[in-house]
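Q: I am attaching a structure below and will ask some questions about it afterwards.
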Amino acid sequence: MKKKKEGLGWIEWMRGWLYLAYEMLFQRITASHLQNPMPLPPINDLTCIVTGSTSGIGREIARQLAESGAHVVMAVRNTKAANELIQKWQNEWSGMGLPLNIEVMELDLLSLDSVVRFAQAWNARLGPLHVLINNAGIFSIGEPQKFSKDGYEEHLQVNHLAPALLSVLLLPSLIRGSPSRIVNLNSVMHYVGFVDTEDMNVVSGKRKYTSLVGYSSSKLAQIMFSSVLHKRLPAESGISVVCVSPGIVQTNVARDLPKIVQAAYHLVPYFMFSAQEGSRSALFAATDPQVPEYCELLKTDDFPVCAFISQDCHPTNPSEESHNVDTSHEVWEKTFEMIGLPSDAVERLIEGEEVACRYGAHGE
């Protein structure tokens, strides 16, 4: 029996860090062909859900989609802040065109019950969903390990489990909106990530928990899950699954970094992207007409990973570890156990069947 891999080999690890350094130094140059803000095609007929859209990249995504004519749903924890933002945007936009078509719905990714309630409320409208943008994420740098009330490590839950549950539960609405897309905001940090499917919560002591371990492995788990989802969705469903890297962006991440890194962070604002620049790859993945063709191409080639769009809006290859098909299938199975769905949920939802989730029914 082949010995189970315990972590990244040191060459992979070095390569991952070198890649991160390269991204940091050269992302501005590689993305210099892009306009800022990015011009979007007419999207008046699109309905888009954007999670975590009250700050940072998500806020930019929601605003730019709405200003280009889409119907935008801000799926957020802080509904008051979202409603205030909408008021502000409407005022700034008045006179430039029709009022923005934005609404707010409550969603707290630290509660899987909240995810189920959100999906039920949305699906009950029986309307189409064209784009789901799983933008919300956390990186609690330097913080001790924390667990959600569902019992999962917080990075794992917010960055992987909750968006996975949301994506699967919204499949009926995505089918109604077909051709539709699931866009997951990932990170170059996944290049230094490793997923131990026996220890997704990083509690066994085999690996020392640091926020970097929590964050990078949650982002890698997201790519692995997305890759299997992308393969499991039949071409007829018309649903594309894409992961994107926003680049290295000056958002709220810096507040959690170690002091020395923070100092470097402030010395190099030139290298960092603004939230507006960071939103471009997600907006591209959500609206560019060629993205579904590219996803389809990967599917017919039986490529091991789903589409991954880098910060310069070009398709790129995620990490070597993300190509590990066996681990990806383990992540898939494990994720369904953790989010309380049967492992054939995707197939059943596509057939139009009801699927029961362990969460949500008992509500709060």
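Q: Mind telling me which of the residues ILE175, ILE182 ends up being open to solvent by 10 Å² or more (accessible area, probe 1.4 Å) and closer than 22 Å to ALA235 by Cα?
A: That would be ILE175, the only listed residue that is open to solvent by 10 Å² or more (accessible area, probe 1.4 Å) and closer than 22 Å to ALA235 by Cα.
Q: Within region 278-314, work out how many residues are under 17 Å from VAL50 (Cα atoms), in a helix (DSSP H, G or I) and of a type outside the set (A, V, I, L, M).
A: Residues meeting the conditions: 5.
Q: If you check PHE194 against the conditions, is it closer than 22 Å to ASP113 by Cβ and either modelled with pLDDT of 95 or more or open to solvent by 30 Å² or more (accessible area, probe 1.4 Å) (or both)?
A: Spelling it out, it is not the case that PHE194 is closer than 22 Å to ASP113 by Cβ and either modelled with pLDDT of 95 or more or open to solvent by 30 Å² or more (accessible area, probe 1.4 Å) (or both).
Q: I've got another one for you. Take the residues in region 190-226 that are of a type in the set (Val, Ile, Thr) and assigned to a helix (DSSP H, G or I); name whichever of them is nearest to SER310 (Cα to Cα).
A: Across region 190-226, the extreme among qualifying residues is ILE223.
Q: On to the next question. Report, by residue number, each residue of region 317-347 that is farther than 30 Å from GLY151 by Cβ and in contact (Cβ under 8 Å) with a residue 60 or more places away in the chain.
A: Of everything in region 317-347, just one residue is farther than 30 Å from GLY151 by Cβ and in contact (Cβ under 8 Å) with a residue 60 or more places away in the chain, namely GLU320.
Q: Return yes when GLN157 is more than 25 Å from SER178 (Cβ to Cβ), open to solvent by 10 Å² or more (accessible area, probe 1.4 Å) and not small (Gly, Ala, Ser) and no when it is not.
A: In short, no.
Q: Has region 67-80 got at least one residue that is part of a helix (DSSP H, G or I), more than 30 Å from CYS357 (Cβ to Cβ), open to solvent by less than 80 Å² (accessible area, probe 1.4 Å) and in contact (Cβ under 8 Å) with a residue 60 or more places away in the chain?
A: no
Q: Oh, and also: Give the residues of region 265-323 that are hydroxyl-bearing (Ser, Thr, Tyr) and under 19 Å from the mean Cα position of the chain (by Cα), sorted by residue number.
A: The answer is SER274, SER279, SER281, THR287, TYR294, SER310, THR316, SER319, SER322.
Q: Consider ILE141 carefully, then state whether it is touching a residue at least 60 places away in the same chain (Cβ under 8 Å) and under 22 Å from CYS243 (Cα atoms).
A: no
Q: Is at least one residue of region 91-107 acidic (Asp, Glu) and closer than 23 Å to SER245 by Cα?
A: The answer is no, given that none of the residues of region 91-107 is acidic (Asp, Glu) and closer than 23 Å to SER245 by Cα.
Q: Is it the case, given these coordinates, that SER140 is modelled with pLDDT under 95 and closer than 18 Å to GLY56 by Cα?
A: Yes: the conditions hold for SER140.
Q: Restricting region 307-359 to residues that are touching a Phe, Trp or Tyr at 6+ places or on another chain (Cβ under 9 Å), under 28 Å from ALA121 (Cα atoms) and small (Gly, Ala, Ser), which is most open to solvent (accessible area, probe 1.4 Å)?
A: SER343
Q: Here is a further query. Inspect all residues belonging to region 230-247 and state whether any of them is open to solvent by 10 Å² or more (accessible area, probe 1.4 Å), out of contact with any helix residue (DSSP H, G or I) (no Cβ under 9 Å at 6 or more places or on another chain) and hydrophobic (A, V, I, L, M, F, W, C).
A: The answer is no, given that none of the residues of region 230-247 is open to solvent by 10 Å² or more (accessible area, probe 1.4 Å), out of contact with any helix residue (DSSP H, G or I) (no Cβ under 9 Å at 6 or more places or on another chain) and hydrophobic (A, V, I, L, M, F, W, C).
Q: Same structure again: Does region 6-17 contain any residue that is of a type in the set (Asp, Glu), assigned to a loop (DSSP other than H, G, I, E, B) and over 19 Å from LEU185 (Cα atoms)?
A: yes
Q: If you don't mind, another one. Please verify whether GLY97 is without any contact (Cβ under 8 Å) to a residue 60 or more places away in the chain and in a loop (DSSP other than H, G, I, E, B), treating the condition exactly as stated.
A: Considered against the rule, which asks whether it is without any contact (Cβ under 8 Å) to a residue 60 or more places away in the chain and in a loop (DSSP other than H, G, I, E, B), GLY97 comes out as yes.
Q: Any residue that is open to solvent by less than 20 Å² (accessible area, probe 1.4 Å), out of contact with any strand residue (DSSP E or B) (no Cβ under 8 Å at 6 or more places or on another chain) and not aromatic (Phe, Trp, Tyr) - is there at least one of those in region 99-107?
A: no
Q: Assess whether THR54 counts as being under 20 Å from the mean Cα position of the chain (by Cα), farther than 21 Å from SER178 by Cβ and modelled with pLDDT of 95 or more.
A: So THR54 passes the test.
Q: Identify the single condition in (1) touching a residue at least 60 places away in the same chain (Cβ under 8 Å); (2) within 26 Å of LEU220 (Cβ to Cβ); (3) surrounded by fewer than 23 Cβ atoms within 10 Å (Cβ to Cβ) that PRO41 does not satisfy, given that it satisfies every other one.
A: (2)
Q: Under the condition of being in contact with a strand residue (DSSP E or B) (Cβ under 9 Å, 6 or more places away or on another chain) and in a loop (DSSP other than H, G, I, E, B), which residue from region 144-172 is farthest from MET189 (Cα to Cα)?
A: Per the criteria, the residue is LEU170.
The values are calculated or read from the model by the stated rules, or taken from the named source; none is laboratory data. Only a predicted model underlies this, so the values are computations on that prediction, with no experimental measurement involved. Virtual Cβ from ideal backbone geometry, glycine too; neighbours counted across all protein chains shown. These area figures cover heavy atoms from the full protein model, side chains too; ligands, DNA and RNA do not enter into them. Shrake-Rupley method; radii C 1.70, N 1.55, O 1.52, S 1.80 Å.
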